[in-house]
1. Looking only at residues in the range 33-91 that are among the aromatic types (Phe, Trp, Tyr) and part of a loop (DSSP other than H, G, I, E, B), which one is modelled with the highest pLDDT?
2. Would you check which residues across the range 399-418 are farther than 27 Å from Arg458 by Cβ and open to solvent by less than 10 Å² (accessible area, probe 1.4 Å) and list them?
3. So Ile189 clears everything in (1) surrounded by fewer than 21 Cβ atoms within 10 Å (Cβ to Cβ); (2) modelled with pLDDT of 95 or more; (3) of a type in the set (A, V, I, L, M); (4) farther than 29 Å from Arg84 by Cα except one condition, right? Which one?
4. Is it the case that Cys234 is closer than 21 Å to Leu118 by Cα, in contact with an Asp or Glu (Cβ under 6 Å, 6 or more places away or on another chain) and of a type in the set (A, V, I, L, M, F, W, C)?
5. Only one of (1) open to solvent by less than 10 Å² (accessible area, probe 1.4 Å); (2) closer than 25 Å to Leu90 by Cβ; (3) within 21 Å of the chain's Cα centre (by Cα) fails for Gly274. Which number is that?
6. Looking at this structure, is Thr377 closer than 30 Å to Thr335 by Cα and either buried (at least 19 other Cβ atoms within 10 Å of the Cβ) or in contact with a helix residue (DSSP H, G or I) (Cβ under 8 Å, 6 or more places away or on another chain) (or both)?
7. Please count how many residues of the range 126-175 are among the hydrophobic types (A, V, I, L, M, F, W, C) and assigned to a helix (DSSP H, G or I).
8. Does the range 419-440 hold any residues that are at pLDDT below 85, surrounded by 14 or more Cβ atoms within 10 Å (Cβ to Cβ) and either farther than 13 Å from Asp400 by Cβ or of a type in the set (Phe, Trp, Tyr) (or both), and which are they?
Amino acid sequence: MRCVRAPPGTGAGHRGRIRHRVHLGVGVEGVPLADFCEPPPPGGAETMAPQGSRAPLEFGGPLGAAALMLLLPATMFHLLLVARSGPARLLGLPPHLPAPEALWSPGALLLWLTWLGLQAAFYLLPAHKMAEGQELKDKSRLRYPINGFQALVLTALLVGLGVSAGLPLGMLTEMLLPLAWVATLTAFIFSLLLYLKALMAPASALAPGGNSGNPVYDFFLGRELNPRFGSFDCKYFCELRPGLIGWVLINLALLVQEAELLGSPSLAMWLVNGFQLLYVGDALWHEEAVLTTMDITHDGFGFMLAFGDLAWVPFTYSLQAQFLLYHPQPLELPTASVICLVNAVGYYIFRGANSQKNTFRKNPSDPRVAGLETISTATGKQLLVSGWWGMVRHPNYLGDLIMALAWSLPCGVSHLLPYFYLLYFTALLVHREARDEQQCLQKYGLAWHEYCRRVPYRIVPYIY
């Protein structure tokens, strides 16, 4: 098997890292992305790290962590400001900086807290399935509700009822700056509370990378692996719920606002909304896959993931829709058809690779994967060297990048700004891939060298 980090499927990535990662370490970490290597054996360094065997520092250590805690919010606000400016230059300063009162709004704070409370309530509703996570150092397994897609549907129903009752959804676009501000403050305060909570946690509960002993670095990366209040898992909740669903809600508000201004939404806006809704829906439909991602099994829950999940994902990943509201782009049907084909190819690769990986992990004898060629390892695991995973070492990353390109193409080619996500995501996945490679080499040794010989390309066939 492999290490996997999927999205926010993942992605990671969702996410993707996401990966969000869906996002910053995420896939925002995203939409969860899938780490290629399977999580290490129970009790190994990847699962829990005792104080005496701390993991090497990443992101430039404490100074790099401090810089990122300033640079990332600054980048997010820069994108929000230039998207609505006339020049819309990615590398240029915003023509006007907002007054302090433009960043603070009691209404935005109330709306944000209501949003978090609503998603928390959906999280606590009875789930159709409870899934077990990876085995921890103490041989226990945490249980997680699989009801993220249910939360998406309930949110859509509530928003639909609100709009039919006269809710001015388009007005949400005028609150993006104060909402982003309160989301950033929430991430800082939440991270501080998590750090203080982790000071009282046993050593066995700490993440391998977030217990360096340096408070700045540990605050950024996160000390505790699975911070919980009762059965409420903070990291798992934030990974896919408020940020991802908030992302598509902001997109929808931008579409509604464009319809109010222009009489109807543009074809480009429809494509961006549809593509990204498919991505988020896929992440939540396959929510259980996030339980094997690096975000859940390895990384602590600190500012990196909290800010990425709560602020970076909804306010940065909606950049294409923000750009289109203030800079409408003509799009002919033949061009739109080609862009749809590009997105479909990316999604086909992304979903095919992740599904093959998940099927093989659950049951290697499944007829859909039983005929795939594998390499035996000293750990007893098998490395796939055929199918999607014989084409490149990270085919899900390839699909993610193709979809990222398709999301930007409806914005035309006159501005670099809408392609920020593609540039950022490429850098994120290359960094994520390097982390994956190092972990797999440490775990599989000679078998990994053989795998790399058999599958020489990392993400893009014949290129990288």
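The values are calculated or read from the model by the stated rules, or taken from the named source; none is laboratory data. Source: prediction; values computed, not measured. For neighbour counting, all protein chains shown are included, and Cβ atoms are generated from backbone atoms with ideal geometry for every residue, glycine included. Just the protein is used for accessible areas: all its heavy atoms, side chains included, with ligands, DNA and RNA removed. Shrake-Rupley method; radii C 1.70, N 1.55, O 1.52, S 1.80 Å.
1. Phe59
2. Correct list: Pro410, Cys411, Leu417.
3. (4)
4. It is false that Cys234 is closer than 21 Å to Leu118 by Cα, in contact with an Asp or Glu (Cβ under 6 Å, 6 or more places away or on another chain) and of a type in the set (A, V, I, L, M, F, W, C).
5. (1)
6. So Thr377 does not fit the description; no.
7. So the count comes out to 15.
8. Residues satisfying the conditions are Arg435, Asp436, Glu437, Gln439, Cys440.
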